[in-house]
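K.L.:
Can you keep this structure in mind? I'll have questions shortly.
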Amino acid sequence: MLRSYIKTAFRFLLKNKTYSFINIFGLAAGTLCCLYILLYVQHQYSYDKHHKNAKDIYRITTAMVLTGDKHTMATASPPIAPAIKHDFAEVVEFTRVIPTLGISKFLLAYKEKSFYEQDVVYVDSTFFDVFAYHFTNGVASNALTLPYSIVLQKPVSDKLFGHEDPIGKLMSIDGGYGKHDFKVTGVVDESLGKTHIHANMFITMNSGGVGDYVIRNTMWAGNNFASSYIKLRPDASAAALEQKLPAFLQKYGAQQLKAIGMQKQLHLQPVTDIHTTTGYEIESSKTVSPSFLFILLMIAVLIQVIACINFMNLSTARASKRAKEVGVRKVIGAERKDLIRQFLSESMVLSLTGVIIALPLLLLALPYLNQITNADIHLSFFSDYRLWVLLAALVLVTGLVAGSYPAFYLSAFQAMKVIKGNFTSHVSAAGIRRSLVVFQFVLSIVLITGIIVIYSQLNYIKNKDVGFDKNQKLIFSFYTEETINKMPALKNDLLQLSGVNAVSQSDNYLGQFVGRDHGVYLAGGNMATATDVQNMLTDEFFANANGIKIINGRDFRQTDSGKVLINETLCKRLGLKPEKALGTRLYTQYGSDPLSFVEVAGVMKDFNYNSLRDDVRPFMLEFDNDKSHLNNMIVSANSNNYKDLLGKMEAVWHKNFTALPFEYKFLDAEVQKQYETETTLSQIINSFTLMAILISCLGLFGLAAFSAEQRNKEIGIRKVLGASVPNLAALLSKDFLKLVGIAFLIATPISVWAMGKWLEAFAYKVNLSWWMFALAGLLAMLIALFTVSFQAIKAAVANPVRSLKAE
């Protein structure tokens, strides 16, 4: 029986080629988009699930309040993790991951080979006891026990050692902590699975540098920079342990917390949740928002639903073509359930054919789709049995959703009526078809509105005056003591070039995360009432080079030791008036360090040194007369011929650094990188909205063709009576345009709500305006008109004699 159903289905598809093409192509296109999005979301949720007993691994996070400012940090103070391991028997192991604070690249060398590499971390010797990595060389046990031992990611190892076995070999690392030799004890890759810990090299903690600082650190209140993890016994409760942490923190850190007026809480976050949780400060890697993934899943579902709607509409619209077939089958004994099975079988065949076509198309489209999503979905996913379960589920669900209504609708025809030719379309079926077309265009208009609003917000961010000049600024970064010492010579040479206005040095540059912060207070105050301030170390040219406006006081001078420039927000928080802030001393004390102070030289106009998602926070520039920590160079240029200017800069560069590659960044591009998630979302919605519109138009095209066919004789009579082609085209198009108009009325409030929620993530945002929604509706109207008018004009210009000769 099943064989008969499938044979009949194929015969019908071959007999109705246009109908079959529209349905199969629509289902294939929808399945391609849906399948990729499902794979992408699965990929994002797969992070850190490969670790042995991953459900027992937790990250220690910190929630703290300092002078009224709330901070939720993905990190903790260095001594917390080992103390938790010591105090609580349910904790099996701990480990910490420490970034190389303020140093982004290191110079690696082995024999004659040398190159810069980034993402170096210091870790405890227990790191590979907590986290699972595949060792291609060496073994995990004791890999980080000895001082100055290092484990490399395979790409770094291959680049440095080639085909040599790196185990036991010495390599040198030159960076901000000096130059040292390290012994390679292991090489790992991520073939077991992805992890949120983004690192190319793992240096054991007892190897000097920041690792030595962490081992000796006794700060329980401040120094919240250590990514700290614990592994619990399988029978232990993380919730029960978390309830013990307030008393634990008071036991060790009460005095320090009281001294600086900090309220602090520790929490345990499952390691498998880290990659898909946002809102933490000092994340070790880029995370993805669950709401972003939910939007993607909704887009996947909506695209597949649009394809299913096409199938249902075209099947019910062409019901008259199959009415006699249904009647004959019923007369010879077929029951309604048999007909339902037959029509569902046809739907399943279409769904399966769509998936079969979608799979090779997906393979071809993977590079493009990975590019727009900034993802790394590999073909290895196709060896995963879960994919085949997903495909089977997709075929089944799509087939049932697409075929259910046509199956029940067609099987309900009365045999004798349709055999006698008394078949007429049910009013309810026509109404449902109209409703489904409206639903399709509601989805399309909402997606088009999303494109318009997201583009407007990104354009607003790109062009908003952030309070400093980010245009025509080049950034050069230096990573070793030798290169930092040569920065003054390079600076002098650059200033001799025409087109270079100013050159400045700093420990960071605007638009990047500011990792330095500490509390400051006025005379008579204390650290318990201090205001937390983010700060950067700079030379005397920084404000000028970056176009920062000083509204009161003056800029730094070469002899300004201990001077600072503060922003308006800090001025207000301290209760100072800008014109009276000059010369004011700001005091600070850190742990057992002696009391120190800085003096205000000037007040800067507020500027957005960080993302426009956040309001401006208290901030200051601190003059660094020593300049040994200022490893970034900001070059303010003014040129209409950047190719020529960059050529001159490169010549000056190689004069000072003969073996160093000429590397630079543009400040405006670095600032824009803060909005990669929004840019990715924009690219995704653009691409998949176009696909959704294409599928919708295919269905509309099919319905328009059917409508023209049904009204063929009416068109012929009207044409004989003198109706013009434009009049006939308008007659056939107006019904569909009414449906799009209804869809616009429904989609507008949905779009207002959805885009309003999305914009809530930004402190600075565009206002939703009527034109955004009107433009979306107009575009949908034009798309529908273009699709329908093709069939309408084709029917209107046809020879009326052909349609009337049978009468």
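The values are calculated or read from the model by the stated rules, or taken from the named source; none is laboratory data. It should be emphasised that the depicted structure is a prediction, and the values quoted were computed from it without experimental measurement. When we count neighbours, we look across all protein chains shown, and the Cβ atoms used for this are built from the backbone with ideal geometry, even at glycine. Keep in mind that these areas ignore ligands, DNA and RNA; they rest on the heavy atoms of the full protein, side chains included. Shrake-Rupley method; radii C 1.70, N 1.55, O 1.52, S 1.80 Å.
K.L.:
Over segment 116-264, what relative contact order in percent results from Cα pairs under 8 Å that are six or more residues apart?
P.N.:
Contact order relative to length: 28 percent.
K.L.:
With every protein chain kept in the model, how would you rank W653, W770 by accessible area, 1.4 Å probe, largest at the top?
P.N.:
W770, W653
K.L.:
Would you mind computing, in nm to one decimal, how far apart the modelled labels at R216 and L170 are, each placed 7 Å from Cα along Cα→Cβ?
P.N.:
Here the answer is 2.5 nm between the modelled labels.
K.L.:
So, in Å, what gap is there between the alpha-carbon centers of segment 114-182 and segment 462-497?
P.N.:
Using only Cα atoms, the two centres lie 32 Å from each other.
K.L.:
Then there is this: Once fully extended, how much extra length lies between N501 and D158, figured as 0.36 nm per residue of separation less the alpha-carbon to alpha-carbon distance?
P.N.:
So the chain would gain 119.2 nm between N501 and D158.
K.L.:
Counting only residues 5 or more places away or on other chains, whose amide H sits under 5 Å from the amide H of D469 once H atoms are built in the peptide plane?
P.N.:
G547, I548
K.L.:
Holding the Cα-Cα limit at 32 Å, pick out from K49/K183; K549/K627; K105/K169; K486/K673; K70/K757; K577/K665 the pairs that are longer than that. Intermediate values should be presented prior to the final figure.
P.N.:
Details: K49/K183 30 Å; K549/K627 23 Å; K105/K169 21 Å; K486/K673 29 Å; K70/K757 23 Å; K577/K665 37 Å.
Pairs exceeding the cut-off: K577/K665.
K.L.:
Which pairs break 20 Å Cα to Cα here: K85/K244; K55/K251; K113/K491?
P.N.:
Distance filter (> 20 Å) returns K55/K251; K113/K491.
K.L.:
To continue, here is another question. So for the pair T658, I750, with labels modelled 7 Å out along Cα→Cβ, what separation do we get in nm?
P.N.:
6.8 nm
K.L.:
Fully extended, how many nm does the chain gain between E190 and H378 (0.36 nm per residue separation, minus their Cα-Cα distance)?
P.N.:
66.4 nm
K.L.:
Grab the beta carbon distance between S628 and K757, set R0 = 51 Å, and tell me the FRET efficiency rounded to 0.05.
P.N.:
So, using R0 = 51 Å, E works out to roughly 0.60.
K.L.:
Highest first, please rank the peptides 525-532, 225-232, 296-303 by the mean number of other Cβ atoms sitting within 10 Å of their residues.
P.N.:
Values: 525-532: 18.4, 225-232: 24.4, 296-303: 20.0.
In decreasing order of mean packing, 525-532, 225-232, 296-303 become 225-232, 296-303, 525-532.
K.L.:
Let me ask you something else. Could you tell me what percent of the accessible area of segment 438-537 is made up of carbon and sulfur, with a 1.4 Å probe and every protein chain present? Intermediate values should be presented prior to the final figure.
P.N.:
On the way: 1800 of 3640 Å².
Solvent-exposed carbon and sulfur of segment 438-537 make up 49 percent of the total.
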